[in-house]
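I have placed the structure first, in the form of structure tokens, so that the comments after it can refer back to it.
The values are calculated or read from the model by the stated rules, or taken from the named source; none is laboratory data. Bear in mind the structure is a predicted one, so any value in this text is a computation, not a measurement. Don't worry about glycine lacking a Cβ; one is built from the backbone with ideal geometry, like all the others, and counts go over all protein chains shown.
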Amino acid sequence: MDHNRVVVLDAVNTFLLREHGLLVDGKMVAAQSGQRSEVRNPATGQVIASVADGNEQDVDAVVQSAHRAFSAGVWSGLRPAERERILLKLADVLEAHAEELAQLETLNQGKSIHISRAIEVGASIEFVRYMAGWATKLGGETMDVSIPVPPGTRYTAYTRRQPVGVVAGIVPWNFPLMIAIWKMVPALAAGCTVVLKPSTETPLTALRLGELALEAGIPPGVVNVLTGRGSRAGQALAGHPLVSKVSFTGSTEIGKTIGHTAIDNMTRFSLELGGKNPMIMLGDVDVDKAIQGALMGGFLNQGQVCAAASRLYIQRSKFNQVVEGLAAAANSMTLGSGMDLNAQVNPLVSARQQQSVCRLIDTARSEGASILAGGGAADLPGYFVKPTIILNAAQHSTIVREEVFGPVLVALPFDHPDEAIAMANDSRYGLAASLWTNDLSAAMNLVPRIEAGTVWVNTHIPLDPSLPFGGFKQSGIGREFGRGAVENFTETKSVCIAH
Ligand code: NAD
């Protein structure tokens, strides 16, 4: 037995072998067309499971299920404290299945088992517990209105928050379980019913999540899971007239399509989209900390993180020291399956993503940049790309402008902080950024000037359920996390009583 490899649980092997359907009305049903799609293990390229490939008729069945459950009030009609209790139970059920979920995610998505355990599952369970509490804490306001007519009439006015209805949660492939939970749980806390639509590449944990929601006591029809292609099932879901809100995380390009589709029905939508996130290191930076931060910020989940650091702007006095340290670290990293406990770099999610990242590295070369470390695919069976550090790229070049979504960092020097801010803001994206300095005044003066929904100082990437997360500019519309995330799944109703 190889002690460096995770032993796959029987529960995981059994789950992979199942004939997965769509979760509708609390039951797994086959797609009406009978079509299926294959699910691969990115570390080997081999098929490990197959799922139903839902079409427009399936979308209708899934949405009708969520709509029936919403209209019947089987969830929204519960007392808030009962919804909170059931969501807390869901957290316990997820905890009881934590290792199974982590293994499924690593086998399907490719990421390190350590990340699956700590983030996909561990952090998500904390998120569920945090959000469960909002079920009992939402409320409206009472207004002392001044309506003058008819004379002598007094009024009492107040607002109440009501669940918006059926929520479509459309999820990307980079953190499949965690982002499914980011969509599903705040919507449930608000009293909505949900249709989850995972990515074609990574549907497995969403299917298991749907089953575990039932096990936790969430009534049938409240959480539904639709597998299928984005261009067909996803598109039909976003345009279904009974969907009241679309919560989408994915690329900016598809986000725009969804926005256009949703607006036809005046469906509410929130979009968490791409990023090209700058990391600005001032000359007083603690070099070792900054290198660790860039490795974590840039290479976590092989850079397949919307908030990943991807553009490093380093003040010239520290430039060589930082990039040499980064190159040495990148060259020494061990590549291997996410199920290998010692592997530091794991495969990308798919052959398509591997090719896309390699193409962008080649474009950087052809546009005159130089490769200090890595520089392309690794000679291994899975979808690996070597951790790559790129220098001498121009600010206007493709590698500095386009989201790579792979283990690629591009480093550029600057002389004055104003120059760094101008280059950092010179992007259509504005999801996240980090600033590295021990100069408190510099930090306080620069933070407001950075165009990003999240700015970290002396760290990059940590998220917390209480802290709003979302993008400026083309990185999205709306915020997840915190009270606002739950309120975004409600409509405000104003009530005015004459007496
Ligand atoms: P994607 O946009 O290709 O797909 C996302 C989801 O949308 C998938 O479930 C897909 O099947 C579905 N989809 C595709 N076409 C659709 C359509 N026409 N209508 C409805 N649904 C459709 O994104 P991806 O490649 O899965 O994920 C990577 C992208 O997600 C990156 O751009 C990344 O930055 C972004 N992302 C953003 C955040 C954030 O919070 N801002 C988090 C993670 C990922």
Are any residues in segment 453-499 more than 15 Å from the ligand (Cβ to nearest atom), surrounded by fewer than 21 Cβ atoms within 10 Å (Cβ to Cβ) and not in a strand (DSSP E or B), and if so, which ones?
-> N458, T459, S466, R483, E487, H499
Evaluate segment 331-353: report whether one residue or more is closer than 26 Å to D426 by Cβ and among the basic types (K, R).
-> no
Could you tell me whether any residue of segment 186-202 is modelled with pLDDT of 95 or more, part of a helix (DSSP H, G or I), near the ligand (Cβ under 9 Å from one of its atoms) and not charged (D, E, K, R)?
-> no
Which of the residues belonging to segment 370-418 are within 16 Å of the ligand (Cβ to nearest atom), surrounded by fewer than 19 Cβ atoms within 10 Å (Cβ to Cβ) and assigned to a loop (DSSP other than H, G, I, E, B)?
-> E402
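Can you go through L300, L271, L295 and tell me which one is within 16 Å of the ligand (Cβ to nearest atom), at pLDDT 95 or above and not in a strand (DSSP E or B)? Break it down into steps so the answer makes sense when it comes.
On the way: L271 fails: not in a strand (DSSP E or B); L295 fails: within 16 Å of the ligand (Cβ to nearest atom).
Among L300, L271, L295, only L300 is within 16 Å of the ligand (Cβ to nearest atom), at pLDDT 95 or above and not in a strand (DSSP E or B).
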Do any residues in segment 433-446 that are under 18 Å from E419 (Cβ atoms) have Cβ atoms under 7 Å from those of residues that are crowded, with 16+ Cβ neighbours inside 10 Å and aromatic (F, W, Y), where the two are at least six apart or on different chains, and which pairs are they?
-> S434/W456
Matching option when the condition is over 14 Å from Q474 (Cα atoms), touching a strand residue (DSSP E or B) at 6+ places or on another chain (Cβ under 9 Å) and part of a strand (DSSP E or B), among V285, V246 | V246
Inside segment 233-268, the number of residues satisfying the requirement of being over 19 Å from V166 (Cα atoms) and more than 8 Å from the ligand (Cβ to nearest atom) is 1
Just a yes or no: is a residue in segment 211-219 crowded, with 24+ Cβ neighbours inside 10 Å and outside any strand (DSSP E or B)?
-> yes
Within segment 400-418, count every residue that is more than 22 Å from the chain's Cα centre (by Cα) and either closer than 23 Å to G453 by Cβ or in contact (Cβ under 8 Å) with a residue 60 or more places away in the chain (or both).
-> 9
Looking only at segment 132-181, which residues are charged (D, E, K, R) and under 26 Å from T193 (Cβ atoms)?
-> K137, R160, R161
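What are the residues in segment 22-58 that are among the hydroxyl-bearing types (S, T, Y), over 22 Å from S337 (Cβ atoms) and either at pLDDT 95 or above or buried (at least 16 other Cβ atoms within 10 Å of the Cβ) (or both), if any? Spell out the reasoning first.
In the first step, residues of segment 22-58 are kept if they are among the hydroxyl-bearing types (S, T, Y); the result is 33, 37, 44, 50.
Next cut, over 22 Å from S337 (Cβ atoms) only: 33, 37.
Residue satisfying the conditions is S37 alone.
Does L94 satisfy the condition of being part of a loop (DSSP other than H, G, I, E, B) and not polar (S, T, N, Q)? Give the steps one after another, and end with the answer.
On the way: part of a loop (DSSP other than H, G, I, E, B): no; not polar (S, T, N, Q): yes.
When the stated conditions are applied, L94 does not pass them.
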